[in-house]
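Right, one structure below, let's go through it.
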Amino acid sequence: QVQLVESGGGLVQPGGALRLSCTVSGFSWDHYIVGWFRETPGKEREGVSCINGEGSTYYRDSVKGRFTISKGDAETTVYLQMTSLKPEDTAGYYCAVGDITNVQLCYWHYGMDYWGKGTLVTVSS
């Protein structure tokens, strides 16, 4: 079975950095992608960044140049390195797995099948 566990959220000042980690298991990189999504009250859950087995990546325009997604050496952990954080980045961040291959579909959450429980990121002075 697919399992995902997120960690790394917390409180950080604007301009600061955090690294989120998602430990994943129970899927094949040949058929699935892993991504980070975020959700705030009153807003649709939106894709932040995704990565597939080949290393192709997607970044939402609002985080390009600030966030970096990567896989650990064993490909059992997916990281989201967040820098230059802004208050508008405050959200619950969720790791997800979907049986899709085009990372551009991560703009929204609809293609994702399995979800972690989330980790809260708060950017505030």
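The values are calculated or read from the model by the stated rules, or taken from the named source; none is laboratory data. These numbers were taken from a predicted model, which means no experiment stands behind them. Cβ coordinates were reconstructed from backbone atoms using ideal geometry, including for glycine residues, and neighbour counts include every protein chain displayed. To get the accessible areas, we keep the full protein, side chains included, count just its heavy atoms, and leave off ligands, DNA and RNA. Shrake-Rupley method; radii C 1.70, N 1.55, O 1.52, S 1.80 Å.
Tabulated data for the structure shown
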{"quantity": "Matching residues, region 16-32, being over 11 Å from the mean Cα position of the chain (by Cα), touching a residue at least 60 places away in the same chain (Cβ under 8 Å) and under 17 Å from I69 (Cβ atoms)", "calculated": "A17, L18, V24, F27, Y32"}
{"quantity": "Residue that is least open to solvent (accessible area, probe 1.4 Å), among those in region 1-58 that are assigned to a strand (DSSP E or B) and of a type in the set (K, R)", "calculated": "R38"}
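Here is a yes/no grid of residues against (1) assigned to a loop (DSSP other than H, G, I, E, B); (2) at pLDDT below 95; (3) closer than 20 Å to L4 by Cβ:
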| position | (1), (2), (3) |
| --- | --- |
| S62 | no, no, no |
| S70 | no, no, yes |
| I100 | yes, yes, yes |
| G111 | yes, yes, yes |
| T122 | no, no, no |
